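Q: To start, I am sharing the structure in question, which I have written as structure tokens.
Computed from the coordinates by the stated procedures, all read-outs in this text should not be read as laboratory data. Not measured: the values here are computed from a predicted model. Neighbour counts are summed over all protein chains in view; Cβ atoms, including those assigned to glycine, are modelled from backbone coordinates with ideal geometry.
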There are 2 protein chains.
Amino acid sequence: MSATMKKIDVDVHNALKSPRDIYPYFPQPWKSQGAGLPTSGYPSPIDFKRENSIPPSGGPAASDADYIVQHLIEPNDIEFAIMTGHYFDVSALVDPDHAAAIASAYNDYMANDWLPKHASFRGTIVVATQDPFQAVREIDRMAERSSMAAVVLSTAQPGLLGQRRFHPIYEAAARHGLPIAIHPGADGGGGTYPPTPSGYPTHFMEYHLRTSQSFLGHMISLVCEGVPEKFPNLKFAMLGGGVSWVPHLLWRLDKNYKALRSTVPWLKRFPSEYIRDHFLFSANPLEEAYDPQNMLDLFNMIDAENVLLYSSDYPNRDDGTATNLLNRLSPEARKKIVYDNAKKLYRL
Amino acid sequence: MSATMKKIDVDVHNALKSPRDIYPYFPQPWKSQGAGLPTSGYPSPIDFKRENSIPPSGGPAASDADYIVQHLIEPNDIEFAIMTGHYFDVSALVDPDHAAAIASAYNDYMANDWLPKHASFRGTIVVATQDPFQAVREIDRMAERSSMAAVVLSTAQPGLLGQRRFHPIYEAAARHGLPIAIHPGADGGGGTYPPTPSGYPTHFMEYHLRTSQSFLGHMISLVCEGVPEKFPNLKFAMLGGGVSWVPHLLWRLDKNYKALRSTVPWLKRFPSEYIRDHFLFSANPLEEAYDPQNMLDLFNMIDAENVLLYSSDYPNRDDGTATNLLNRLSPEARKKIVYDNAKKLYRL
């Protein structure tokens with residue numbers, strides 16, 4: 001894939017120099033409690049960051065907007081970069097008001113101090129799902145800013161995302177024409193559930209592998225609870241979780257639906273049809289088959305050219321798997337994946 | 001697939017007429033507490049049983065050994081039928097001693113009153129994993145009976161099955177040359193964890209779809225904790241959970257291993273190699289792709305002819321998906337799946 005092919009990057013993990021960056025927007029009593037986010041209890045034993053991602057100005061990787069432009073945006077011909085950050089994990093906090101205050105302060109900081117720094121930057125609205133009504137007010141407050149392109153949610157949630165208590169959030173996003181981006185987060189941390197259906201894994205490697213279990217749980221819930229039927233214009237971008245589990249999901253959902261459709265009467269179509277029309281998936285990181293043809297067969301099963309979205313996952317390392325695979329597709333398919341699908345999804 | 005092709009059926013759900021059937025082997029104080037097993041809280045709204053599976057003698061489907069012979073074994077030319085039952089869910093009970101007492105009484109009942117009824121019948125040893133040392137004693141007590149072909153475990157466990165506390169169970173099974181069969185159970189019931197990484201789903205359909213999340217969790221745990229390396233002769237039969245999630249597991253495991261191998265130094269090979277050598281999968285129920293070629297591509301990704309095991313899942317309905325797919329394979333591959341793989345695995 002040519003670096004000079006115009007792209008939309010749907011998953012850039014901007015960071016703050018310090019949680020204190022948001023303090024100008026962070027009222028008391030919250031400021032005294034700090035803006036720390038829950039952690040999972042599984043610290044990474046290795047550095048996943050790409051080379052030279054620490055900005056010369058200091059601070060964490062991806063914490064300098066100008067350096068992101070120089071290191072990522074310009075060399076890769078990225079026309080729009082969707083900033084997903086890390087603050088989606090406010091949903092893992094136990095206190096809904098503390099979570100909502102951090103979300104608001106972060107959104108204000110991004111809208112005022114970060115996103116105006118480059119024409120390519122687009123933000124994602126962070127919300128505290130613990131109190132869906134506060135989340136709706138936050139979406140209403142931020143959605144009409146042209147710099148905001150989506151609502152972003154962590155997989156680390158106080159429940160399965162299809163459940164009815166979360167529907168007001170989808171109603172608000174749909175009303176403003178914003179998609180929902182879902183990203184792996186600190187599952188198991190704070191007020192969330194154990195990160196696998198059988199409790200807490202032992203090692204970071206196992207924890208890191210749990211992502212598909214979280215995505216499967218949330219997507220099954222979203223589809224079976226009828227969210228795409230209830231909000232026909234709402235779309236979801238599933239970021240950073242790969243795609244090789246998607247055929248399983250499509251086939252099992254439809255098979256169960258044939259037997260159990262009377263128990264989910266709000267569904268008017270096969271579950272796989274809702275997934276094809278409402279869910280897209282980021283292309284990085286991507287699973288790596290021994291024989292690349294296996295992944296191309298899998299791309300065929302999921303209609304990859306219409307559901308994949310280019311992403312750098314910056315500042316995390318890019319191992320080239322996605323690029324190698326995309327280079328095997330037709331130029332038309334590649335263009336949809338690196339540009340057209342995202343342009344339409346985020347209404348850029 | 002011809003009904004007159006000799007088969008080994010690795011997943012037959014024999015039932016008791018009543019929990020009281022085991023009472024002759026069930027001492028006090030347990031008898032007064034009963035032999036009930038935890039339930040998941042998700043009762044099925046439909047009857048999954050096949051036609052005419054209720055025996056003329058009355059009682060639940062598959063509760064009459066003679067009728068199983070007449071209805072399943074003889075018409076399908078089954079040489080061996082592995083009886084997996086329902087009692088594997090003792091592992092979901094909170095009290096380890098109550099669980100161990102039910103397991104022992106059930107195993108005695110099966111060995112004495114059921115398995116001698118037909119030459120094709122083979123049992124599976126039920127154990128209470130809450131107290132692995134009692135489980136080892138139970139395996140040692142039952143393993144040398146020729147009627148016992150495996151140790152059976154539910155996915156509904158007090159933890160992830162690769163964790164070290166469970167290793168004595170694997171040591172005992174390996175010492176007796178018995179494989180471990182793992183079957184979906186009452187995940188979320190009794191003393192187990194919520195059945196998805198984000199808590200309790202709303203509907204039975206979603207609950208029924210959770211199976212792959214449980215299998216992924218346990219298999220990632222078993223491989224990353226080094227169980228196949230520590231017990232090189234131990235094999236696992238993953239029953240009733242389908243196979244379309246397996247390529248994802250193989251590819252993600254190996255990719256993570258490349259980055260994180262220093263954190264799991266007991267692994268000497270790629271995780272996918274352990275899976276190929278130690279894990280087999282039952283072929284029923286099976287996912288159904290729109291285009292059967294997709295499933296055949298997937299079979300190719302998992303080396304299906306060497307890892308699939310024929311199963312009826314009796315008395316549950318057989319929708320023909322597996323049969324249709326097996327009929328597209330070569331006669332040699334089909335023979336391995338319906339007979340040879342199981343004969344070797346269960347040492348029949």
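Q: When Lys and Arg each count +1 and Asp and Glu each count -1, what net charge do the other residues less than 9 Å away from B:Trp251, Cβ to Cβ, add up to?
A: -1
Q: How large is Rg over Rh for region B:97-232, taking Rg from the Cα atoms and Rh as the Kirkwood inverse mean of 1/r across Cα pairs?
A: Ratio value, two decimals: 0.99.
Q: Expressed in whole Å with the largest first, what are the equivalent ellipsoid semi-axes of region A:50-105 derived from the C-alpha gyration tensor as the square root of 5 times each eigenvalue?
A: Semi-axes, largest first: 29, 13, 9 Å.
Q: A further question follows. When all alpha-carbon pairs of region B:78-123 are counted, what percent fall beyond 13 Å?
A: Everything past 13 Å amounts to 57 percent.
Q: While we're looking at this one, here's another question. If all Cα-Cα distances of region A:117-157 are sorted into 10 Å bins from 0 onward, what percent lands in each bin, rounded to whole numbers?
A: 28, 50, 19, 3
Q: Ok, one more. Taking the Cα centre as origin and putting +1 on Lys and Arg beta-carbons and -1 on Asp and Glu beta-carbons, what dipole magnitude results for region A:40-189, to the nearest 20 debye?
A: 360 debye
Q: Which semi-axes, in whole Å and largest first, does the equivalent ellipsoid of the protein assembly as shown have when worked out from the alpha carbon gyration tensor as the square roots of 5 times its eigenvalues?
A: 47, 26, 23
Q: In Å, what is the Rg of the alpha-carbon atoms in chain B, and how long is Dmax?
A: Over chain B's Cα set, Rg and Dmax evaluate to 19.2, 60 Å.
Q: Still on this structure, please answer the following. Looking at chain B, which longest stretch skips every one of the GluC sites (Glu not before Pro) that is in a DSSP loop with at most 13 other Cβ atoms within 10 Å, leaving the sites themselves out?
A: B:145-348
Q: While we're here: From the P(r) of region B:201-289, can you give the percent of Cα pairs sitting at distances over 14 Å?
A: 66 percent
Q: Put +1 on the Cβ of every Lys and Arg and -1 on every Asp and Glu Cβ in region A:1-105; which of A:Phe48, A:Pro29, A:Tyr87 then has its Cα farthest towards the positive end of the dipole?
A: Of the options given, the answer is A:Pro29.
Q: Regarding region B:131-176, what is the average projected area of its C-alpha convex hull, in nm²?
A: 3.2 nm²
Q: Can you grab the distance from the C-alpha centre of region B:111-129 to the C-alpha centre of region B:22-57, Å, no decimals?
A: 17 Å
Q: Expressed in whole Å with the largest first, what are the equivalent ellipsoid semi-axes of region B:140-220 derived from the C-alpha gyration tensor as the square root of 5 times each eigenvalue?
A: Ellipsoid half-lengths, sorted descending, are 28, 13, 10 Å.
Q: Using helices alone, I'd like the mean residue ellipticity at 222 nm for chain A: each DSSP H run of four-plus residues gives -39500 (n - 2.57), total over residue count, nearest 500.
A: -9000 deg cm²/dmol
Q: Where Rh is the Kirkwood radius over the Cα pairs of region A:238-288, the temperature 4 °C and the viscosity 1.567 mPa s, what D in µm²/s does Stokes-Einstein return?
A: Result for D is 107 µm²/s.
Q: Take the Cα radius of gyration of region B:88-160 and divide it by 2.2 N^0.38 Å, with N its residue count; two decimals is plenty.
A: After normalising by residue count via 2.2 N^0.38 Å, the value is 1.07.
Q: Here is a further query. Using the Cα centre of region B:1-117 as the reference point, and only Cβ charges (+1 on K/R, -1 on D/E), how large is the resulting charge dipole? Debye, rounded to the nearest 20.
A: Using Cβ point charges on Lys, Arg, Asp and Glu, region B:1-117 gives about 140 debye.
Q: Further, regarding this structure: Using a Gaussian network model on chain B with a 10 Å cutoff between Cα atoms, which of B:Met238, B:Met142, B:Met205 fluctuates the most?
A: Between B:Met238, B:Met142, B:Met205, it is B:Met205 that shows the largest mean-square fluctuation.
Q: In Å, what Rg and Dmax follow from the Cα atoms of region B:245-336?
A: Every Cα atom of region B:245-336 included, Rg and Dmax give 15.5, 46 Å.
Q: Let me ask you something else. For region A:44-137, go through all pairs of different Cα atoms, get the mean of 1/r, take its inverse, and jot down that Kirkwood value in Å.
A: After inverting the mean inverse Cα-Cα distance, the result is 14.8 Å.
Q: While we're looking at this one, here's another question. Could you please tell me the mean projected area of the C-alpha convex hull for region A:295-348, averaged over all directions and given in square nanometres to one decimal?
A: 4.0 nm²
Q: Compute the relative contact order of region B:43-180 as a whole-number percentage, counting only Cα pairs closer than 8 Å that sit 6 or more residues apart in sequence.
A: Relative contact order, region B:43-180: 22 percent.
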